[in-house]
Amino acid sequence: MYINKNLTTVNYNTGSGVGRIKYIVIHYTANNGDTAYGNTNYFKSVNRNASAHYFVDEKSIWQCVEDKDIAWHCGTSGTYFHKYCRNSNSIGVELCSYINSKGQYDFRQETVDNAVWLVKQLMDKYKVCVENVLRHFDVTHKRCPEPFVRDEIRWRNFTARLTLQEKIKMSEKTNLNINGKIYSADRILENDSNFINIRSFEQAGFKVGYDPVTKIPSIENKLEKIPVIACGILGNLEGVNINGTNVVTIRSLAALLGYTVDYIDGNIIITKQ
Ligand SMILES: [Zn+2]
């Protein structure tokens, strides 16, 4: 995912910096099939007396107010039901909504997935614990985000996902260049790092293993049987191709030629049998 920006010029107060961020407050837009970008345009330059830092839909994330600044998303002239969380110390995240076949406000699964991704980033960046990720409802008792107020279990599932190292769902094919040769590999981009399936290295002649006891994967140059004629004798030697050069084990070559090999004090001693 990627965070796009379309910042409002009017619907915010200048904040004291990102050190102010202690809470993340989740909202819904109460619209039917709106887009994240459309919301940032709505708040862009006309005074709406409201705003949020981020809008999330099923395809994208758009930022409306800088994190260091204060958006107007959970303030009230009425009663606060949370002791500490206010606009001044929080980030507001709005999920775009739609009306489902039962006539209820709902979120697309992809929108929730994208919100999980975004909130995890923000929690990590500003060291916000999951207990400080709140619904607007928890702050002022407004029924927002409605699908997460109507169904408490959905909210709990959402917050549970924030602390999980989620299994990566999708990988994509990428070209992997090993010693100048191109191979196809499964790549996953997660937290701005590239992850490659270690088995991809098998194509390039590496032996990939896994020790079920230590649970440590291994990767090594694969020993192959390489046919070699040595002193007129044909034999299959244990060899490996390193950067395009065939290398054989001394032991197999010596055995083919009728020599023995010993390793003493770091020296290799070859003796005719
Ligand atoms: Zn709200």
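The values are calculated or read from the model by the stated rules, or taken from the named source; none is laboratory data. Quick caveat, the model's predicted, so the values are computed rather than measured. Because the Cβ atoms are built from the backbone with ideal geometry, glycine has one as well, and the counts that use them run over all protein chains shown. The accessibility values were calculated without ligands, DNA or RNA, using every heavy atom of the protein model including side chains. Shrake-Rupley method; radii C 1.70, N 1.55, O 1.52, S 1.80 Å.
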Quick one: Debye curve from the C-alpha atoms of the range 97-141, no solvent, what's log10 I(q)/I(0) at q = 0.20, 0.21 Å⁻¹?
-> -0.82, -0.86
To the nearest 10 Å², what's Tyr183's accessible area with a 1.4 Å probe?
-> 40
What full-extension length gain, to one decimal in nm, is calculated for Lys68 and Asn49 as 0.36 nm per residue of separation minus the Cα-Cα distance?
-> 5.0 nm
All-pairs alpha carbon distance profile, the chain, 5 Å steps from 0, percent = 1, 5, 9, 12, 12, 10, 7, 6, 5, 5, 5, 4, 4, 4, 4, 3, 2, 1, 0, 0
Carbon and sulfur atoms account, in whole percent of the 1.4 Å probe accessible area of the chain, for 51
Give a residue-ordered list of calculated ³J(HN,Hα) values for the range 206-215 (Karplus: 6.51 cos²θ - 1.76 cosθ + 1.60, θ = phi - 60°; whole Hz; x for Gly, Pro).
-> 8, 9, 10, x, 8, 9, x, 7, 7, 6
Determine the relative contact order of the chain: mean sequence separation of Cα pairs under 8 Å and six or more apart, normalised by residue count, in whole percent.
-> 14
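Can you tell me the accessible area per residue over the range 35-190, all protein chains present, probe 1.4 angstrom, in square angstrom? Present the calculation step by step, with values, prior to reporting the outcome.
On the way: 8370 Å² over 156 residues.
Roughly 54 Å² per residue, with all protein chains present.
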Mind giving me the nanometre distance, one decimal, between the label points for Asp262 and Glu110, set 7 Å out from Cα along Cα→Cβ?
-> 7.1
So for the range 3-162: antiparallel DSSP bridges make up what percent, rounded to the nearest 5?
-> 30
Placing each pseudo-label 7 Å from Cα in the direction of the beta carbon, Ile269 and Thr174 end up separated by a distance in nanometres of 5.1
For the range 102-116, in order, what is each residue's ³J(HN,Hα) by Karplus, 6.51 cos²θ - 1.76 cosθ + 1.60 with θ = phi - 60°, in whole Hz (x at glycine and Pro)?
-> 8, x, 9, 5, 8, 10, 5, 4, 5, 5, 5, 4, 5, 5, 4
R0 of 30 Å, Cβ-Cβ distance Phe195-Val247: FRET efficiency to nearest 0.05 | 0.50
In Å³ and rounded to a whole number, note down the convex hull volume per residue for the Cα atoms of the range 67-159.
-> 108
Counting Lys and Arg as +1 and Asp and Glu as -1, each charge on the Cβ, what is the dipole of the chain about the Cα centre in debye, to the nearest 20?
-> 500
If a/c stays under 1.5 just call it rounded; otherwise compare a/b with b/c (prolate if a/b is bigger, oblate if not). Do that for the range 1-150, with a ≥ b ≥ c from the square roots of the Cα gyration tensor eigenvalues.
-> rounded
Taking a 1.4 Å probe, which of Lys44, Lys5 shows the most accessible area, and what order do the others take after it?
-> Lys5, Lys44
Taking only protein heavy atoms and a 1.4 Å probe, what accessible area per residue, in Å², does the range 224-272 have with all protein chains in place?
-> 69
Once you've got the Cα coordinates, tell me which of Lys83/Lys120; Lys22/Lys59; Lys22/Lys120; Lys181/Lys222; Lys173/Lys222 are over 21 Å apart.
-> Lys83/Lys120; Lys22/Lys59; Lys173/Lys222
With a/c under 1.5 counting as rounded, go ahead and sort the range 172-221 into rounded, prolate or oblate using the C-alpha gyration tensor (a ≥ b ≥ c being the square roots of the eigenvalues; past the cut-off, prolate if a/b is larger than b/c, else oblate).
-> oblate
Using label points projected 7 Å from each Cα along Cα→Cβ, tell me how many nm separate Ser77 and Leu223, to one decimal.
-> 8.3
Projected onto the charge dipole of the chain (+1 at Lys/Arg Cβ, -1 at Asp/Glu Cβ, origin at the Cα centre), which of Thr40, Thr76, Ser97 gives the Cα projection farthest towards the positive end?
-> Thr76
Heavy-atom accessible area order for Cys129, Cys85, largest first, 1.4 Å probe | Cys129, Cys85
Please state the relative contact order of the range 1-158 as a whole percent: Cα pairs under 8 Å, 6+ residues apart?
-> 30
In units of 2.2 N^0.38 Å, what is the alpha-carbon radius of gyration of the range 224-272?
-> 1.21
